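Chemist: The following block contains the structure, expressed as structure tokens.
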Amino acid sequence: MNVDGFTRHSPSKRRPITWALRHGRNRDRRDAKAKGPLMRHRTALAATLSAALTVLATGCGSTGHHTSPDSGTTSAGTPGVTSSVGRLSVRTADVDLTITGVVAHLDHSGDGSLTMSIRNNGAVPEHLGMVATPDMGRGVLEGGKSAEGNGALSTAGILLLSGTTVAFRGDGPRVELHHVRGVTAQHTLPLSLQFGVAGLVRLQARVSVS
């Protein structure tokens with residue numbers, strides 16, 4: 001019926017309009033609820049990545065720290081972890097690792113190399129995957145003279161076979177350092193070493209300046 005130019009809609013015609021409006025509001029609410037967990041997940045992931053970068057950037061100054069894949073990060077004084085300048089040992093149920101003679105040989109521009117010996121007395125092979133220095137610096141890993149076996153470089157890092165000692169010098173593997181910063185007044189350099197089994201360990205290298 002048309003009254004004075006206006007059309008009166010029947011209830012059957014008004015229902016679709018009302019339903020569409022309500023459906024749109026409900027869908028907006030559902031979308032908002034679905035985005036909530038996603039946003040929280042992204043925020044948590046960003047915080048985790050930020051914390052990991054902070055550990056590498058600022059955590060090198062501490063000694064005697066150890067991280068294992070099972071136990072998470074532990075603090076200085078952890079049972080089974082001992083350290084002094086140029087030396088660190090990790091002895092737990094799964095790991096028996098000793099690092100000795102750690103010396104950073106640097107020139108006045110901060111370039112040089114890292115020498116050390118790593119003894120793996122654990123029951124399984126180990127890999128040295130990363131060497132970090134202060135201010136987000138990274139050492140460059142180079143494999144030993146042999147392309148296979150102990151001291152060889154793969155995508156997992158430098159291979160350290162069980163029951164052996166690998167010397168990072170001479171014909172063995174090497175860690176090249178470039179533009180290193182963060183040498184202390186005591187002529188030491190904080191380092192973070194990432195292993196496949198032992199996890200992240202931190203120690204102080206002696207510094208020899210040429």
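All of the numbers you see were taken from the coordinates with simple rules; none came from a lab. Computed from a predicted structure; not experimentally measured. Cβ atoms come from the backbone with ideal geometry, glycine included; neighbour counts cover every protein chain shown.
Chemist: Once amide H atoms are built 1.01 Å from N in the peptide plane, which residues 5 or more positions from V81, or in another chain, come under 5 Å H to H?
Modeler: R91
Chemist: What FRET efficiency do you get for R138 and S109 if R0 is 25 Å and r is their Cβ-Cβ distance, rounded to the nearest 0.05?
Modeler: My answer for the efficiency is 0.90.
Chemist: While we're here: Evaluate the distance, in nm, between pseudo-label points positioned 7 Å from the Cα of T100 and of T184 along their respective Cα→Cβ axes.
Modeler: It works out to 2.2 nm between the two label points.
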